[in-house]
Amino acid sequence: MLGSIAFTSYASCAAGFLVLSILLLTRWRTHANIGATAVAAIVTTLWAAAVAVNTLSTAPLFLVNDLLELCRDAAWTYLLIQLHGAFKTDRPPSLANLKTSVKASAGLYLAVMVGTCYVYLQQGDANRTLVLLSGILGRVALAVIGMLMVEQLYRNAPTRERWGIKFACMGIGGMFAYDFYLYSDAMLFRGLNVEIWIARGAINALTVPLIALSAARNRKWSLALSVSRRAMFHSVALFGSATYLLAMAGAGYYLRFFGGSWGNVMQGAFLFGAVLLLIVVLFSGAFRAWLKVFISKHFYSYGYDYREEWLRFTKTLSEGGPQIAERAVHAVAALVESPAGALYLSRESGNCELVANWNLPLGDGAVALDTPFCRFLKTRQWVIDLQEMQESPERYDDVAPPACLEQAASAWLVVPLILRNDLCGFVVLAQPRSKLVLNWEVTDLLKVAGSQAASYLAQQESANALMVARQFESFNRMSTFIVHDLKNLVSQLSLMVANAEKHKDNPEFQRDMLETVDFSVQKMKLLLQKLARGTTVETPMRLHIDKLLKQAIAVKSAADPKPQLEIIDADLMVFANPARLERVIGHVIQNAVEATPKDGQVSVRLLKWHDEVVVECTDTGLGMDENFIRERLFKPFESTKSAGMGIGVFESREYIHELGGRIEVHSQKPGGTTFRIILPLQLRDEAAVSQAA
């Protein structure tokens, strides 16, 4: 009978300190000195569990009990030393007394431990009385030192700190005081009182709430060890599943035992249904949400693991898949376990329009930015509880929610998207899967998440606007080049018309005029094809540049002065698009003709220089100064001509660079200008290799 009572007493002590150890290692991990507190609680758990097991054993190990008891006392004594060191005191005598107590207790612990081991090794378990009497005096002394250290700790602690440690002093002091009572009685009556010894387990268990209360109150108890929420979630789910399966297995056994001929069938059906129910529960989003909320409320100081939540939030916004608007809704909704949501963004129309909807039925219609609701979101930047807004409008300055949100029965929260103190939209969230208390921590997290989502959405909007601008830029650039080509054609035809009256009876002029008209028609057809395709991409090819120069000079044959062509090195080949290269060379020649008086000269030469082809156009015109060449010549939309567009030289340089060549300009004012178009030479063997490829 006494054995079962002793087991219950010490088992309750072990269970109580086990729970305290778990709380210290999880929920209160952010407090100080918890390392020592957790060690003391764990050692006490082991001691009480060993005593409880030995009460039912036929061959109890008393040495293990005694050594674990000494370790327990040493752990609590070390904790008292740590707590005393956390407080700054101006009382040197007390501190000196504490150091003396520490040294004395360390010596006593060592002496009692060595003496206990020696007696057990020499006598075995036969002479229990000798063992007790040899250690009772030391145990009494240790209990006295423990009580003394508790008194020193409480007396030296600042008054404002005693609120946080008084219950711990009561609990630890109570354990040492009861040990003093137990061993004083044993020393007086030369033996342990069994009833007092049995009651010690329950007495120690009663100190657990006192120590736990101080650990929760005192911010100076801390530990760097922590258990992640994910590990806790899976551990609790696994433990609950195991408990459930064991219970169902027991129920199935009794169904089989009492079910008679139907026992096996009932057992199989019951176990299958139980396992199926467990799978349904474990894969239920509502159950998982409830379990997460339960763990956060009862095992952690804060409701969120901010590192994990922020990594998940950023990953959701950054990963591929749905559009950024829908991903933003998913990311914000996941913070509060909401299964649905919608996103409204401000547009140029002056309204917040619905751009993404995820499982949330909402009424049609936009929300104007100048409504009291949007102005309230912008100025207050609050997370709005729609139910509270309808029940207590005075808390929200009597602002009513928009009609589209009032019609949605499941709408719960409105999270503003604030970017640079401006409202760029808001997210509407549905009721969560598990009931969630909307406290300051949740609202602050949602506001920060809303600002982060707003920055992502604004970046996406800017990227889309930039893409559209680039498309317009490409179209405008194509249009500009086409207009420039048309201007050149008009210039050539105008020049021909101007000279027609003077040279209309000249057969050579008539032939040149027909060639010019035919060339202009072909150029216009190409321009029409480009406009139809909507692109200016032209395929390059291997070509004889001397033939291209002859064609370009022939087009300018009606010009005055007429350009002269000199081919020093014939049969040179380059890799380019014939139309674009002819346009570049024709533009350079046209500029030379327009800058040269009628009595001047414009000459074009073709020559080879090492592994490069050089097209040199020289005129005797007005020339250009170095400042103009350096700062304005190749700048787009800069021109000295009254009807010029300023993109011809820019386009010429860009295309020559695209071919791997360069343009060199030498000029003096007055004196004339020389343009050199330098391109890579295409050798015949390289061309053959290119064609074979």
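For this structure, a couple of remarks:
- Most to least packed among 196-203, 565-572, 138-145 [average Cβ atoms within 10 Å]: 138-145, 196-203, 565-572
- Using alpha carbons only, the radius of gyration of the range 306-455 set against its Kirkwood radius gives Rg/Rh = 0.93.
- For a paramagnetic label modelled on R375 (point 7 Å from Cα along Cα→Cβ), amide N atoms under 16 Å away belong, within the range 396-425, to 396-402, 423.
- Whichever aspartates and glutamates have a C-alpha closer than 20 Å to that of K435, once near sequence neighbours (fewer than 8 apart) are set aside: D305, E309, E337, D385, E388, E391, D444
- Charge dipole (debye, nearest 20) of the range 541-674; +1 at Cβ of Lys and Arg, -1 at Cβ of Asp and Glu: 300
- Gained length - K504 relative to D422, 0.36 nm times residue gap less alpha-carbon distance: 22.3 nm
- Segment H544-Q459, extension gain: residue separation times 0.36 nm, minus the distance between their alpha carbons: 25.6 nm
- Length gained on full extension, K562 to A216: 114.5 nm, using 0.36 nm per residue less the C-alpha separation.
- Net charge of the neighbourhood of F509, taken over other residues with C-beta under 13 Å away and scored Lys/Arg +1, Asp/Glu -1, is -2.
- Cross-link partners of K547 among aspartates and glutamates, defined as those whose alpha carbon lies under 13 angstrom from its own and excluding same-chain residues fewer than eight positions apart: E566, D569, D571, E582.
- Restraint check, K502/K523; K523/K550; K502/K525; K562/K669, Cα-Cα greater than 28 Å: K502/K525
- Here r is the Cβ-Cβ distance between E441 and R347 and R0 is 35 Å; the resulting FRET efficiency, rounded to 0.05, is 0.60.
- Point-charge dipole on Cβ atoms (K/R +1, D/E -1) for the range 306-455, about Cα centre, debye to 20: 440
Every number here is computed from the coordinates shown, using simple stated rules; none is lab data. Model, not experiment: these values are computed from the prediction. Every residue, glycine as well, gets a Cβ built from its backbone with ideal geometry; the counts of neighbours run over all protein chains shown.
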